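What follows is a structure written as structure tokens; I'll ask about it next.
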Amino acid sequence: MFDFTDSLKAHFPYVEKEELEIIQSLFSFEKYAKNSFYLKEKRRCEKLSFIQTGLIRIFKQTDNKEITQWICTEGHLVSEIGSFLFDYDSRWSFQFLTDSELFTIQKTDYNRLIEKIPRWHFIEKQLLAQCFLTMENRIFKQLALSAEERYQDFFQDNSELFNQVPLQYLASMLGMTPETFSRIRKKSLH
């Protein structure tokens with residue numbers, strides 16, 4: 001079960017109790033319907049959220065196919081960091097795969113954290129380092145593991161998604177065709 005305070009502590013492990021209360025006070029609760037969008041490609045991301053319930057697919061439509069970058073799940077942060085921090089247009093669309101509930105901080109409130117928390121630069125640096133490490137690990141797995149190893153690694157940590165998300169999204173996210181994904185899945189079930 002998602003606990004917002006615990007999730008904040010996990011993503012901001014270096015905050016003091018008073019700082020945590022300030023951060024928490026700037027987030028608001030939001031509900032979204034299945035198939036609605038958190039963010040559309042080529043728009044600016046003006047918020048950062050924690051997913052309380054639900055699933056969000058991050059994807060891009062190209063000329064000949066749709067690429068799923070990631071499926072965000074309960075307890076995780078969601079935002080288009082480049083767009084959120086540096087005012088770039090988003091390269092990705094974020095769509096809800098289920099009815100979802102989020103705790104969200106708007107960019108204007110996020111930017112006020114430096115005024116409210118003197119150590120915010122240090123805290124934010126730790127958060128961004130965690131994001132960078134997550135991305136670095138994903139890139140390593142994509143480059144170093146075979147398709148079958150990527151499937152097994154992802155299944156081990158996210159088996160519940162295989163019953164909640166269309167399998168072609170998972171195949172795309174793991175960098176394989178639906179046919180390869182299906183063949184590996186069939187082989188692993190035996």
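The values are calculated or read from the model by the stated rules, or taken from the named source; none is laboratory data. Bear in mind that the values here come from a model prediction, so they are computed numbers and not experimental data. Counting neighbours? That spans all protein chains shown, and the Cβs are built from the backbone with ideal geometry, glycine included.
Within segment 14-59, work out how many residues are over 19 Å from E74 (Cβ atoms) and part of a loop (DSSP other than H, G, I, E, B).
10
Only residues that are without any contact (Cβ under 8 Å) to a residue 60 or more places away in the chain, of a type in the set (S, T, N, Q) and surrounded by fewer than 20 Cβ atoms within 10 Å (Cβ to Cβ): list them for segment 64-82, please.
Answer for segment 64-82, where residues must be without any contact (Cβ under 8 Å) to a residue 60 or more places away in the chain, of a type in the set (S, T, N, Q) and surrounded by fewer than 20 Cβ atoms within 10 Å (Cβ to Cβ): just N64.
Part of a helix (DSSP H, G or I) and either within 23 Å of G54 (Cα to Cα) or in the same structural domain as T68 (by TED's automatic domain parsing) (or both), is that true of E160?
Taking the combined requirement at face value, the residue satisfies it.
Out of segment 73-116, which residues are within 26 Å of Q142 (Cα to Cα), in a strand (DSSP E or B) and modelled with pLDDT of 95 or more?
V78, D89, S93, F94, Q95, F96
Within segment 19-54, can you find the residues that are touching a Cys at 6+ places or on another chain (Cβ under 7 Å) and farther than 14 Å from S90 by Cβ?
I51, the sole residue that qualifies.
Here are S49, S83: which of them is in contact with an Asp or Glu (Cβ under 7 Å, 6 or more places away or on another chain) and assigned by TED's automatic domain parsing to the domain that holds F122?
Answer to the selection: S83.
Now for a separate question. Determine if segment 176-188 includes at least one residue that is outside the structural domain of T53 (by TED's automatic domain parsing), surrounded by 14 or more Cβ atoms within 10 Å (Cβ to Cβ) and part of a loop (DSSP other than H, G, I, E, B).
yes
Return yes or no: is S49 surrounded by 14 or more Cβ atoms within 10 Å (Cβ to Cβ) and either of a type in the set (V, I, T) or over 12 Å from the mean Cα position of the chain (by Cα) (or both)?
no
Then there's this: Among the residues of segment 1-38, which ones are among the aliphatic types (A, V, I, L, M) and closer than 30 Å to F59 by Cβ?
Within segment 1-38, M1, L8, A10, I23, L26, A33 qualify.
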